[in-house]
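Read the structure below first, then the notes.
The values are calculated or read from the model by the stated rules, or taken from the named source; none is laboratory data. Just so you know, these numbers come straight off a predicted model, no measurement behind them. Heads up, the Cβs are rebuilt from the backbone with ideal geometry, glycines too, and the neighbour counts pull from every protein chain shown.
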Amino acid sequence: MRTPLPAPSLHTSRLRLRAFEDADTNDLFALHSSAHVLRYWDSPPWTERERAEKFIARCREMEKHGTGTRLAVDRVSDGAFIGWCTLDSWNPDFRSASLGYCFDDAAWGHGYATEAARALLRWAFDTLDLNRVQAEADTRNVASARVLEKLGFLREGTLREDCVVNGEVSDSWVYGLIRREWQPARLESGHSNDG
């Protein structure tokens with residue numbers, strides 16, 4: 001059995017990344033039940049609150065089994081839950097993992113996704129001795145692609161028709177970030193206009 005991987009508590013100038021709590025259930029359900037937020041997601045919006053409870057339980061399972069971490073993201077200025085960021089599919093042998101994130105549409109356009117993902121990547125490269133991080137984005141999701149590119153990810157290819165959600169077929173871009181290309185200080189002092 002692998003060593004547990006306790007969720008870190010990370011801070012940036014505007015955000016706090018922390019372990020999910022049961023109290024996040026309603027905010028998480030509101031986020032994932034929004035068809036607008038999930039329009040480029042690989043599954044349909046949630047319709048039952050129970051899905052949020054299962055999501056939080058899976059976060060704890062990831063930690064317990066040492067396969068990754070999924071963190072709630074709060075805005076420091078008002079304490080509001082604005083989304084989440086994850087590093088999962090951690091493979092210590094290959095020194096690889098996958099990055100993902102989901103943010104409320106009210107938080108779009110302020111650079112929060114970039115800021116949160118950069119904090120998580122910094123922790124992951126320092127703590128997990130990663131060599132490679134992979135991420136995927138729906139080819140229609142230009143904003144998410146911009147976030148990944150600002151973080152230093154390179155587009156490596158396209159997964160053709162890899163998702164079918166509610167009968168709609170879509171392609172995904174595959175992005176990769178290699179340790180030697182990781183620049184943790186990029187845009188540290190400035191905030192972008194999107195993501």
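For the stretch 151-171, which residues satisfy the criterion of being under 23 Å from Thr114 (Cα atoms) and of a type in the set (S, T, N, Q)? Let's see the steps before the verdict.
Our first condition is that a residue be under 23 Å from Thr114 (Cα atoms); within the stretch 151-171, this holds for 151-158, 171.
Of everything in the stretch 151-171, just one residue is under 23 Å from Thr114 (Cα atoms) and of a type in the set (S, T, N, Q), namely Thr158.
Between Phe103, Phe81, Phe125, the distinction of being in contact with an Asp or Glu (Cβ under 6 Å, 6 or more places away or on another chain) and aromatic (Phe, Trp, Tyr) belongs to Phe81 only. Only residues that are in contact with a strand residue (DSSP E or B) (Cβ under 9 Å, 6 or more places away or on another chain), at pLDDT 95 or above, assigned to a loop (DSSP other than H, G, I, E, B) and within 18 Å of Thr86 (Cβ to Cβ): list them for the stretch 11-55, please. Residues satisfying the conditions are Phe20, Glu21. Screening Glu181, Glu136, Glu161 for residues that are surrounded by 13 or more Cβ atoms within 10 Å (Cβ to Cβ) and of a type in the set (Asp, Glu) leaves exactly one candidate, Glu136.
What's the total number of residues in the stretch 58-73 that are out of contact with any helix residue (DSSP H, G or I) (no Cβ under 7 Å at 6 or more places or on another chain) and either basic (Lys, Arg) or crowded, with 20+ Cβ neighbours inside 10 Å (or both)?
As a first pass, look at the stretch 58-73 and keep what is out of contact with any helix residue (DSSP H, G or I) (no Cβ under 7 Å at 6 or more places or on another chain): 58-67.
Then drop every residue that is not either basic (Lys, Arg) or crowded, with 20+ Cβ neighbours inside 10 Å (or both), which leaves 58-60, 62, 64.
Final tally of qualifying residues: 5.
Note on the stretch 76-87: residues that are loosely packed, with under 15 Cβ neighbours inside 10 Å and part of a strand (DSSP E or B) amount to 0.
Against the conditions (1) surrounded by 17 or more Cβ atoms within 10 Å (Cβ to Cβ); (2) under 18 Å from Leu120 (Cβ atoms), Pro45 satisfies every one except (2). Of all the listed residues (Thr127, Thr114), the sole one being touching a helix residue (DSSP H, G or I) at 6+ places or on another chain (Cβ under 8 Å), closer than 29 Å to Asp24 by Cβ and among the polar types (S, T, N, Q) is Thr114.
Kindly check whether there is at least one residue in the stretch 122-144 that is modelled with pLDDT of 95 or more, in contact with a Gly (Cβ under 9 Å, 6 or more places away or on another chain), outside any helix (DSSP H, G or I) and farther than 25 Å from Pro8 by Cβ. No, the stretch 122-144 has no match at all.
The set of residues from the stretch 1-42 being in contact (Cβ under 8 Å) with a residue 24 or more places away in the chain and among the charged types (D, E, K, R) comprises Arg2, Arg14, Arg16, Arg18, Glu21, Asp22, Asp24, Asp27, Asp42.
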